1. Checking the condition charged (D, E, K, R) and within 22 Å of GLN367 (Cα to Cα), which residue from GLU126, GLU84, GLU108 passes?
2. Determine whether THR34 is of a type outside the set (Phe, Trp, Tyr), modelled with pLDDT of 95 or more and under 21 Å from GLY89 (Cβ atoms).
3. How many residues are of a type outside the set (Val, Ile, Thr), surrounded by 15 or more Cβ atoms within 10 Å (Cβ to Cβ) and touching a helix residue (DSSP H, G or I) at 6+ places or on another chain (Cβ under 7 Å) if we restrict to the range 298-315?
4. Residues of the range 162-190 being among the polar types (S, T, N, Q) and out of contact with any helix residue (DSSP H, G or I) (no Cβ under 8 Å at 6 or more places or on another chain), which ones?
5. Would you tally the residues in the range 220-238 being in contact with a Leu (Cβ under 7 Å, 6 or more places away or on another chain) and closer than 15 Å to ILE131 by Cα?
6. When you scan the range 141-152, how many residues do you find that are touching a helix residue (DSSP H, G or I) at 6+ places or on another chain (Cβ under 8 Å) and of a type outside the set (A, V, I, L, M)?
7. Against the definition (farther than 25 Å from ALA76 by Cα and either outside the structural domain of PHE164 (by TED's automatic domain parsing) or touching a Pro at 6+ places or on another chain (Cβ under 7 Å) (or both)), how does VAL292 come out, yes or no?
8. Those residues that are among the aliphatic types (A, V, I, L, M) and either closer than 21 Å to THR111 by Cα or surrounded by fewer than 16 Cβ atoms within 10 Å (Cβ to Cβ) (or both), I need them from the range 236-279; list them, please.
Amino acid sequence: MARVVAQPYRSPWMTDDLDELSSLARTFFAREVTPNAERFAEQHQVDRETWLKAGAAGLLGLSVPEEFGGGGGTFAHEAVVFQEQGWAGDDALGLHIHSGIVPHYIVEFGTPEQKRRWLPKLASGEWVGAIAMTEPGTGSDLQAVRTTARRDGDDYVVNGSKTFITNATHADLVIIVCRTGAPGAKGISLLVAEVNDLPGFTRGRVLAKIGQHGQDTRELAFSDMRVPAANLLGEEGHGFGQLMEQLPQERLVVAAGAVAAAEYAVRLATAYSKEREAFGRKILDFQHTRFVLSEVSTDALAARTFLDHCITEHLAGRLDAVLASRIKYWATDVQCSVIDRCLQVFGGYGYMMEYPIARLYAAARVQKIYAGTNEIMKELISRSL
């Protein structure tokens, strides 16, 4: 019997077109992001030009319709870029927010005029997008949002504050989750603010995080900030429902990054184990190291196949809140576990920030918190049982 040779795993949703996009994205990160990672971390933000270069390369707004300046693709195109970003070890460029989340609220709920005004600038990188959900006293419980937007003539007057906002330094367009009505879900609306030179808008302090130091995470404050009523996204009081509709994709975006980071960690640890010597032997020659790498590579492959199932379901319009919760919590748990075990392979060097594995470790922990904590994910799943 002929010996069966296993082929490298290929995601079933990948195509030749997506392979070309993957190569383009890989080249972009290698040229524009990885060489600048240390500087981005020191300045707590990427260069503004990096966004413009990403837009010029055609890597932003890939699933936005072509008539609005996007790539006219699907979520698969976005996923390819997210995984290449993860395989490059980048956690600075906030693509997951800018391309994976913000444009899709506008595509789904925006008027034709809003789409024409906002989407082309996001797709080109001329504008950077952010979404302001979390508040100092409100995290996963979005029904408890306290930022208010009071109608006054042709404007809404916005007051409140937000925290943990990705892309907050460069953001030109911010989707604000705010209260336009009574307490509870029915009083929530989404308001889009063009914030450059907008009176009453303040960018707060840059937050000192455990990891993801190159990502511009800040507080935002609104003090009698006037936003045209024409910037309301969808209908007043429908914001909570809009969030619930879009959160499955957000959680899938998080999972895509988590799996790619776990795979990258396995590659780093495997390569290191083939070079590092201890007691006169390559550390890969030790059975324990081989077993660890066997286990983490299997965990990463299992996470990849589960993610691929969820991406396939999403492309078919079948990704529901429960399945999205499953992949978000499970993929991020796997990410943290795999990276922790891979770091151990490096020994003391794994604790040094000059090594990518250390930066992966520091960046991973928040994945179990944002887009809804993993505990909330399990609660949502349990309600379906």
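1. Details: GLU126 fails: within 22 Å of GLN367 (Cα to Cα); GLU108 fails: within 22 Å of GLN367 (Cα to Cα).
Only one candidate passes the filter, namely GLU84.
2. On the way: of a type outside the set (Phe, Trp, Tyr): yes; modelled with pLDDT of 95 or more: yes; under 21 Å from GLY89 (Cβ atoms): yes.
Spelling it out, THR34 is indeed of a type outside the set (Phe, Trp, Tyr), modelled with pLDDT of 95 or more and under 21 Å from GLY89 (Cβ atoms).
3. 9
4. We begin by selecting, within the range 162-190, every residue among the polar types (S, T, N, Q); these are 163, 166-167, 169, 180, 189.
Once the filter is applied, which keeps residues that are among the polar types (S, T, N, Q) and out of contact with any helix residue (DSSP H, G or I) (no Cβ under 8 Å at 6 or more places or on another chain), the range 162-190 yields THR163, THR169.
5. First, the residues of the range 220-238 that are in contact with a Leu (Cβ under 7 Å, 6 or more places away or on another chain): 225, 227, 231-234.
Of the ones still in play, those that are also closer than 15 Å to ILE131 by Cα are 231-233.
Within the range 220-238, residues that are in contact with a Leu (Cβ under 7 Å, 6 or more places away or on another chain) and closer than 15 Å to ILE131 by Cα number 3.
6. As a first pass, look at the range 141-152 and keep what is touching a helix residue (DSSP H, G or I) at 6+ places or on another chain (Cβ under 8 Å): 142-143, 151.
Now restrict to residues that are of a type outside the set (A, V, I, L, M): 143, 151.
Within the range 141-152, residues that are touching a helix residue (DSSP H, G or I) at 6+ places or on another chain (Cβ under 8 Å) and of a type outside the set (A, V, I, L, M) number 2.
7. yes
8. To start, the set of residues in the range 236-279 that are among the aliphatic types (A, V, I, L, M) comprises 243-244, 247, 252-256, 258-262, 265-266, 268-269, 271, 278.
Within the range 236-279, LEU243, MET244, LEU247, ALA271, ALA278 qualify.
The values are calculated or read from the model by the stated rules, or taken from the named source; none is laboratory data. Please read all numbers here as calculations on a predicted model, not as lab measurements. Every residue, glycine as well, gets a Cβ built from its backbone with ideal geometry; the counts of neighbours run over all protein chains shown.
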